[in-house]
Amino acid sequence: MTIRIFAIMCFLLAADLAWPGVARAQNPVIDGDGCAILASVVYTEVSEARLRFSSAYGSDPQYAGGSRISLCSQTTRSVTAAFAAALQRSNIYISWGFHTGYSGDYCLSHFLSQCYPTGDPAMPPLSEDEQSFVMHSWQVVRDSVRYRMAQYPGSDAARFRDHDLRQSIRRSIRFDVGRNPSQSFLQ
């Protein structure tokens, strides 16, 4: 009886080793501080578009960590604060007038589509060139990020790969310049 049980166990073990295993997809690496990465992407791409536009700006270098998936649960706040900071780098001051009496550094809404940058009332009015750049670059950033946000109402979460988001923002800003070369909002 022991020999039979031993033989059956050996047979089952051999059959298990010969059985092709189920292929599992490799789980993607998820980055923990996605809001900081999101803010960094927005800040870098908008400030580079405004300050250092050249033929080299349009190239798409390989970024480290491009295959990582990042998660941000405060997308609207991160994006609008980084956008305003990038513009301040080139002496363009904006505010996010979500409601009367508030002109803060970031938009208070949880809906990115409800955030509209306006010139800071405490500063001189924006020139036509500056207004054009602010509106075009905000539309590019908003659309690029909104595409990566969860679709349920009130969601303020985004899931993205930083390299893909960088490319999306960069190509869209470059496309706007190529589409209308008479505009000189990128110097």
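The table below lists the values:
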item: Members of region 109-128 that are surrounded by 14 or more Cβ atoms within 10 Å (Cβ to Cβ) and not aliphatic (A, V, I, L, M); result: S109, H110, F111, C115, Y116, P117, G119, D120
item: Every residue from region 130-171 that is of a type in the set (S, T, Y) and over 13 Å from the mean Cα position of the chain (by Cα); result: S132, S137, Y152, S155
item: H163 being surrounded by fewer than 19 Cβ atoms within 10 Å (Cβ to Cβ) and in contact with a Phe, Trp or Tyr (Cβ under 7 Å, 6 or more places away or on another chain); result: yes
item: The lone exception for Y106 - which of (1) of a type in the set (S, T, Y); (2) open to solvent by 70 Å² or more (accessible area, probe 1.4 Å); (3) modelled with pLDDT under 90; (4) within 18 Å of the chain's Cα centre (by Cα) it fails; result: (2)
item: Residues being open to solvent by 50 Å² or more (accessible area, probe 1.4 Å) and part of a helix (DSSP H, G or I) - total across region 135-160; result: 4
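The values are calculated or read from the model by the stated rules, or taken from the named source; none is laboratory data. This one's a predicted model, so the numbers in the text were calculated from it and none came from an experiment. Here Cβ is always computed from backbone atoms with ideal geometry, including for glycine, and neighbour counts include all displayed protein chains. Ligands, DNA and RNA are excluded from the accessible area calculation, which covers all protein heavy atoms including side chains. Shrake-Rupley method; radii C 1.70, N 1.55, O 1.52, S 1.80 Å.
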